[in-house]
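Heads up, the thing below is written out as structure tokens.
The values are calculated or read from the model by the stated rules, or taken from the named source; none is laboratory data. This one's a predicted model, so the numbers in the text were calculated from it and none came from an experiment. When we count neighbours, we look across all protein chains shown, and the Cβ atoms used for this are built from the backbone with ideal geometry, even at glycine.
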Amino acid sequence: MNMSLVTFAQTNAAGADTGPLNAAGASPIAVFENGFSGRIDLLNHPENLISVLTQVHPVWAGIFVVVGALCILNGFRWHKIVIVLLSGMLGVAAGMWLGDRIGGAHTVTGVALTALFMILALPGLRFAVALFGGLAGAFVGANAWTALGGTPDMHHFGAMFGLIALGMLAFMTFRLVIVLFTTILGASLLVLGALALMLTVEAWRGAISESLTVNSLVVPLVVTVTALIGIIVQQGGGLKGLNTAANNASAAKKPKPA
């Protein structure tokens, strides 16, 4: 499946001369896959991360920042759209994998499975949330495993624990899992996109690279803090809800007139 994603992304990049995203360079899927070779604990490897992010075109980096911010601030409100889009991406990958197995017809299998997965995502919303929540848990578990001192080559054990924990949690606390996986997704996209944009500035590249490589926990910490901010915002009803809560707290402290 991972190789199918790479093939699909590289095919798109190769054929980009006639496409509207020609100026955006290679697909970030191919860039990340080639840079990490299937590793999930990518946040804990700053050298590889810097190398990969310097290959991400500013257009894609900007898209990461915008999509990440939207997921952080409004992930639960727009969770159906997010689930349908993620299901479509999964359908593309499955279609490319199936096309490889039957000897071609990637376009047909890709379009067919993309449409099928997107349609099934709505009636099977709870199962889709469990799937993507589990994948988000696997991402967190793998990075937490390495960050907390576990053997990096065994980070898949942390990923498995996170996958099971968040996947099962989706059937017990539906809203919480949606908030968790949208903030994890959003925080990762936002931080990586922002870093990619900053690394395009020659004057900043050296200082940023040095600060990231001195301590491998910098990127996981920033992503974690960003995700926590998103959880607080979404659980508080968005920025408007937080402002209302602050106003209510201020009004409660005012002394009653005599």
Exercise for the section: Looking only at segment 178-188, decide whether some residue is at pLDDT 90 or above, aromatic (Phe, Trp, Tyr) and surrounded by 14 or more Cβ atoms within 10 Å (Cβ to Cβ). Expected result: yes
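A quick yes/no check of all residues on (1) within 17 Å of residue 135 (Cα to Cα); (2) aliphatic (A, V, I, L, M):
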position: 77; (1), (2): no, no
position: 82; (1), (2): yes, yes
position: 88; (1), (2): yes, no
position: 108; (1), (2): no, yes
position: 111; (1), (2): no, yes
Handout entry: Residue in segment 175-201 that is farthest from residue 74 (Cα to Cα), counting only those that are of a type in the set (S, T, N, Q) and in contact with a Ser or Thr (Cβ under 9 Å, 6 or more places away or on another chain)
Key = 200
Exercise for the section: Could you tell me whether residue 65 is surrounded by 15 or more Cβ atoms within 10 Å (Cβ to Cβ) and either basic (Lys, Arg) or touching a Gly at 6+ places or on another chain (Cβ under 7 Å) (or both)? Expected result: yes
Practice task
Please work out if residue 26 is more than 15 Å from the chain's Cα centre (by Cα), over 15 Å from residue 189 (Cβ atoms), assigned to a helix (DSSP H, G or I) and modelled with pLDDT under 90.
Solution key: no
Fill in the blank from the handout: Conditions (1) under 22 Å from the mean Cα position of the chain (by Cα); (2) closer than 26 Å to residue 53 by Cβ -> residue 203 fails only (1)
Completion exercise
Within segment 135-160, restricting to residues that are of a type outside the set (A, V, I, L, M, F, W, C) and surrounded by 21 or more Cβ atoms within 10 Å (Cβ to Cβ), the one that is nearest to residue 174 (Cα to Cα) is 137
